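The values are calculated or read from the model by the stated rules, or taken from the named source; none is laboratory data. Everything numeric in this text was worked out from a predicted model, so none of it was measured. Cβ atoms come from the backbone with ideal geometry, glycine included; neighbour counts cover every protein chain shown. These accessible areas exclude ligands, DNA and RNA; they are computed on the full protein's heavy atoms, side chains included. Shrake-Rupley method; radii C 1.70, N 1.55, O 1.52, S 1.80 Å.
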Amino acid sequence: CIAGPRKCGKKFLVEAICSEMDAVIFDISPPNITAIKDVPKLLNLVMDLARKFQPSVILVDGAHKLSIKRVTEAIKHEDPKKLGKFLNRYVVKQLTVEDAVVLIGTTSEPFNCSLSSLKSCYEKFLVFPSKLDYQTSVWAWKKGLELKRIYNFNASSLGEVTRNFTTGDILGSIDSYVDLRRRVM
C-alpha cells in the first residue's frame, strides 16, 4: 500500500513499477466499478486474467475507501464499501508465492479508514513524506521549467519558499502559469 498526500507521485510510482516489470494493470478502484453489481464474479475474472497475463498488477486507487469509517455525500454514489467486503477473500487469499501478481493500493487518507482492514489486505506500506525538502523542491522547479524550455533559471529562492508543497503542486503551477506569452517576455 502506498500512502501519501495528493499529487505526490503515488500513481507515477505504480506506473513505473508496471513499466519496469512489463506488467498488465487491472484497475479495480471504486470509481471504476460503480456499475458492477456482481463484485465476486468480477474479482474472479480479474484473478483469472491476472494469472494468465503474468506479470500483472491489480491496482486499487483510493484503498482507504474500501473500509472508510464515514461515507461522505461526495463518494456515496461510488458505493466504496462493496469492493472491500470481497477483496480479501477473492484476491488476497488466492494469491500464492508462485504467482507473479501484485496487489497495490494507493491512498491519500489512510487515517479515515479501519487500519486493521488495510493491514489484512496489504503486507507492506510505503509512506511518502507530506513535505518536500529543499533539494527536491529545487529539482522539481528545474525539471518543470526545463519541460517548458526554460533553462539556466536559478530556482533556489523558489525551492526555499515551496518546501511545504508537493511535487504535483509545483509542476501544476508551472503548467498553469508558464505559457507561451510569459516565456516570450
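I'm checking my understanding of the structure. Among residues of the range 129-154 that are basic (Lys, Arg), in a loop (DSSP other than H, G, I, E, B) and closer than 16 Å to Asp175 by Cα, which one is most open to solvent (accessible area, probe 1.4 Å)?
Applying the filter and picking the extreme gives Arg149.
Which one of these does Phe165 not meet: (1) open to solvent by 90 Å² or more (accessible area, probe 1.4 Å); (2) part of a helix (DSSP H, G or I); (3) modelled with pLDDT of 80 or more?
(2)
Would you mind telling me which numbered condition in (1) open to solvent by 60 Å² or more (accessible area, probe 1.4 Å); (2) modelled with pLDDT of 80 or more Val91 fails?
Going through the list (1) open to solvent by 60 Å² or more (accessible area, probe 1.4 Å); (2) modelled with pLDDT of 80 or more, Val91 breaks only (1).
May I ask you to list the residues in the range 34-45 that are open to solvent by 10 Å² or more (accessible area, probe 1.4 Å) and either under 20 Å from Cys121 (Cα atoms) or of a type in the set (Lys, Arg) (or both)?
Lys37, Pro40, Lys41, Leu42, Asn44, Leu45
For the range 65-79, check the following and say yes or no: at least one residue is basic (Lys, Arg), more than 22 Å from Phe125 (Cα to Cα), at pLDDT below 85 and surrounded by 12 or more Cβ atoms within 10 Å (Cβ to Cβ).
No, there is no match, as no residue in the range 65-79 is basic (Lys, Arg), more than 22 Å from Phe125 (Cα to Cα), at pLDDT below 85 and surrounded by 12 or more Cβ atoms within 10 Å (Cβ to Cβ).
From Asp22, Asp48, which residue is open to solvent by 60 Å² or more (accessible area, probe 1.4 Å), within 16 Å of Arg89 (Cβ to Cβ), at pLDDT 80 or above and not aliphatic (A, V, I, L, M)?
Sole residue among the options that is open to solvent by 60 Å² or more (accessible area, probe 1.4 Å), within 16 Å of Arg89 (Cβ to Cβ), at pLDDT 80 or above and not aliphatic (A, V, I, L, M): Asp48.
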